[in-house]
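Only the coordinates and a few stated rules stand behind these numbers; no lab work does. Predicted model only: the values in this text are computed from it and were never measured. Note: ideal-geometry Cβ built from the backbone for every residue, glycine included; neighbour counts use all protein chains shown.
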Amino acid sequence: MPLDRIGETLASFYDSLVAEGVPEHLAALVRKVRQSESDGDVAKPAAPPAPRAERIALVVEDNPQVRGLAEALLEETELSVVGCDSAEAALAVLQARGGDVALVFADVRLAGEMDGLQLAHAVATLWPRARLVITSGHCVGRPEIPPEAVFIQKPWRAFDVLLEAERAVGEPAPPIL
């Protein structure tokens, strides 16, 4: 395959990733490179930065009462809260707004085909800047949880959940490698 075809293929793949929540600063870099290629490398002044989007806490829990409690608790933070009952519903939110998700708070046992551990591994791989908190009333081995994740045993304390939300907002997100 010729080198220019590889570049075109990668560019089209990147376009779909941007739509799925790749951080805006990477998307801006790709747009700048494309613009310089189309303008014949003529330098243009930088556009002012876009306003920062709202930060989201994604609560993934199949028990409506527990999900409602976690949502109500996280609504007291500066994060907007989105609740889902399955990993599949959470992935749909992440694909649409992944770059805005600061915290994923997920139970291990969920409705649907995927469980919370599978969701955790997907989040750790595809949205590494989101703080990942896994919870369960059952024992979960550390090797099953991504190393980036925090585990909170059920029944969790409100303080522990709020502390993780504060960390998601206040601590710098890990760099994207």
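Observations on the structure shown:
- In this structure, the amide hydrogen of N63, modeled 1.01 Å from its nitrogen in the peptide plane, lies closer than 5 angstrom to no residue at least 5 positions away or on a different chain.
- Most to least packed among 64-77, 112-125 [average Cβ atoms within 10 Å]: 112-125, 64-77
- Modelled spin labels at D62 and E166, positioned 7 Å past Cα toward Cβ, are 3.3 nm from each other.
- Ratio Rg/Rh, restricted to the range 56-170 and using Cα atoms, in which Rh is the Kirkwood radius: 0.91
- Modelled label reach - L69, point 7 Å along Cα→Cβ, the range 86-121 residues with backbone N closer than 14 Å: 107
- Sorting the segments 83-93, 146-156 by their mean number of nearby beta carbons within 10 angstrom, highest to lowest, gives 83-93, 146-156.
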